[in-house]
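The values are calculated or read from the model by the stated rules, or taken from the named source; none is laboratory data. The shown structure was predicted, so the numbers you read here are calculated from the model rather than taken from an experiment. Neighbour counts are summed over all protein chains in view; Cβ atoms, including those assigned to glycine, are modelled from backbone coordinates with ideal geometry. Just so you know, the surface numbers come from the protein's heavy atoms only, side chains and all, with ligands and any DNA or RNA stripped out. Shrake-Rupley method; radii C 1.70, N 1.55, O 1.52, S 1.80 Å.
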Amino acid sequence: MIFPAFVGPSYVSQSPKAAVQRCMNWYVEQIEAPGEPFKTALFPTPGVATFATATESPVRGMIEQNGRCFTVIGQTFYEVKSDGTLTNRGTVTVDTNPATFAANVDAGDEIFVTSGQKGYIFTLSTDTFAEALDSGGSSLGVEQGAFLDGFFLGLDNTTSTLKISDANDGTTWPALQFAQRTAGSDPWQAMVVAHRDIWLFGQQTSEVWYNAGTSPFPFAPIPGAFLEEGIVAPFSAQRFGSTVVWLGSSEEGAGVVYMADGYNPRRISTHAVEFAIQGYARDGISISDAVAFTYQEDGHVFYVLNFPSAKATWVYDGTTNLWHERGTWNSDKVEYQAWRPQYHAYAFNKHLVGDRELGTIYEMGLDKFTDAGGGPIRRMRRTPHLSLDDNWLFYNSFQVVLDAGIGLTSGQGSDPQVMMRWSSDGGQTWGNEHWVSAGKIGEFGTRALWRRLGRGYDRVFEVAVTDPVPWRMIGAYLSMGQGLSRI
């Protein structure tokens, strides 16, 4: 019979007896054509290949504008060329936070960069880079930047102040062109522009502003657009299509992922995701340093939320509304760590991502089969519980349905292997690993099949692969019989 729910998301409950499902470095795709035996499939998350490398580190942010790509790596603002070379365009002040980018290219020919509480302007037509100054001649204090309706926006989270430049001129920041928060007592921590709205997130509450056309300061709060949820990780807020997603906090607590539904927060994290995230905080691990980016590939829109301190990465698929995990496999410690790619720009018809540890920019793609740093991608699926009225079940065979016969011509991957192991006590303890071949190149009829698997009353299977081939798993078959009751 078809193994029910072999394909599924990550969902590890507080109790392993309730749910222990994991989906690591795979994502779920729904089969949209009728009549197929399997309605969903596990497709591999993208790998990476080195595109550009700097002598300093780490990558701290990226942007693409009008066919050009720019990044901040360490203290240097680089232009990334289409052949992977890096051109030094200037120097920024460094802190531990990401750099942010905004552009007014059509009207002002400029890119606004923030780093180390300072703002900088790069002029594209002259390739000049300079610190942005206000009319008083002092450095512009900003943590994040954005652009709307001809104005650059700068958020100073130390004073909870929103500053704006002159129209189409990021080199001029009038001293009196600012607004300070009055609607809430908690200071603004983050800013995102989406759908021509300015989302300003406090620690416990948030509000949305718009271009009201007022003078001298043109922006004002939208009446009624006040949220009783703030943000716990300032760089988790990202535009997601025409809306916004962020890792929230409020007076009641922190660690829920929200998506804006109009001007209301809609919870999109599951209890399992929230148990994991809030568990990091309970263990004394910071979640305020979480950083997110978004990208679209093959119709899936992904919100990638990295927790570097917690060594975890959670990914929300806006197409299926399901969560999966990604991780860079540390073979020395035999554990997953937070996925190393942390910044994204779509440039030169490529998904480019920046390494949060090294000064390396990678090309990310479904045709790449190595992880950041050149190591293998370890993909893993842990299934739902198999239990029937607490009776003994005898497992005759288990078969994973996958694309077989896609091995490489030589080296690792020439005979791709699939590992399977199981737990007979609901995920508490695990047995030995059992390996089978997925077929050498051209052996399309190979079956990844295991037989004589013993008995159990609450079994969980786990499948893992590491070979550098496109591991597409369509589902599984399971042959089993029912024995006597344990009661």
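Side notes on the structure shown:
- Considering region 287-332, and only residues there that are within 20 Å of residue 47 (Cβ to Cβ) and among the small types (Gly, Ala, Ser), the residue that is most open to solvent (accessible area, probe 1.4 Å) turns out to be 331.
- The number of residues in region 90-132 that are among the charged types (D, E, K, R), out of contact with any Ser or Thr (no Cβ under 9 Å at 6 or more places or on another chain) and assigned to a strand (DSSP E or B) comes to 0.
- Region 442-460, subset of a type in the set (A, V, I, L, M, F, W, C) and at pLDDT 95 or above, residue nearest to residue 5 (Cα to Cα): 460
- Of the strands (runs of 3 or more DSSP E) contained entirely in region 1-84, those carrying at least 1 residues that are closer than 30 Å to residue 122 by Cβ and in contact with a strand residue (DSSP E or B) (Cβ under 9 Å, 6 or more places away or on another chain) fall at 47-53, 59-65, 68-73, 76-80.
- Pairs with Cβ under 9 Å, 6+ apart, first in region 185-207 and under 15 Å from residue 154 (Cα atoms) and in a loop (DSSP other than H, G, I, E, B), second open to solvent by 10 Å² or more (accessible area, probe 1.4 Å) and β-branched (Val, Ile, Thr): 187/158; 187/159
- Residue check, residue 44 under 30 Å from residue 474 (Cβ atoms) and surrounded by fewer than 22 Cβ atoms within 10 Å (Cβ to Cβ): yes
- Against the conditions (1) of a type in the set (A, V, I, L, M, F, W, C); (2) open to solvent by 30 Å² or more (accessible area, probe 1.4 Å); (3) out of contact with any Leu (no Cβ under 9 Å at 6 or more places or on another chain), residue 193 satisfies every one except (3).
- Selected residue [in a loop (DSSP other than H, G, I, E, B), touching a strand residue (DSSP E or B) at 6+ places or on another chain (Cβ under 9 Å), hydrophobic (A, V, I, L, M, F, W, C) and in contact (Cβ under 8 Å) with a residue 12 or more places away in the chain] from 235, 217: 217
- Residue that is modelled with the lowest pLDDT [pool: residues in region 390-428 that are open to solvent by 20 Å² or more (accessible area, probe 1.4 Å) and of a type in the set (Phe, Trp, Tyr)]: 392
- Test: residue in region 316-328 that is in contact with a His (Cβ under 6 Å, 6 or more places away or on another chain) and either outside any strand (DSSP E or B) or closer than 22 Å to residue 7 by Cβ (or both): yes
- For region 440-474, the set of residues classified as closer than 23 Å to residue 371 by Cα and part of a loop (DSSP other than H, G, I, E, B) consists of 440, 441, 466, 467, 468, 469, 470, 471, 472, listed by residue number.
- In this structure, residue 431 qualifies as among the small types (Gly, Ala, Ser) and closer than 19 Å to residue 480 by Cβ.
- Residues of region 67-94 that turn out to be β-branched (Val, Ile, Thr) and open to solvent by 20 Å² or more (accessible area, probe 1.4 Å), as a count: 5
- None of 315, 334, 353 is modelled with pLDDT under 95 and not polar (S, T, N, Q) except 334.
- If you check 284, 253, 262, 248 for being within 15 Å of residue 310 (Cβ to Cβ), of a type outside the set (Ser, Thr, Tyr) and either buried (at least 17 other Cβ atoms within 10 Å of the Cβ) or over 19 Å from the mean Cα position of the chain (by Cα) (or both), only one passes: 284.
- Of the strands (runs of 3 or more DSSP E) lying entirely inside region 344-417, none contains at least 1 residues that are free of Cβ contacts under 8 Å to residues at least 12 places away in the same chain.
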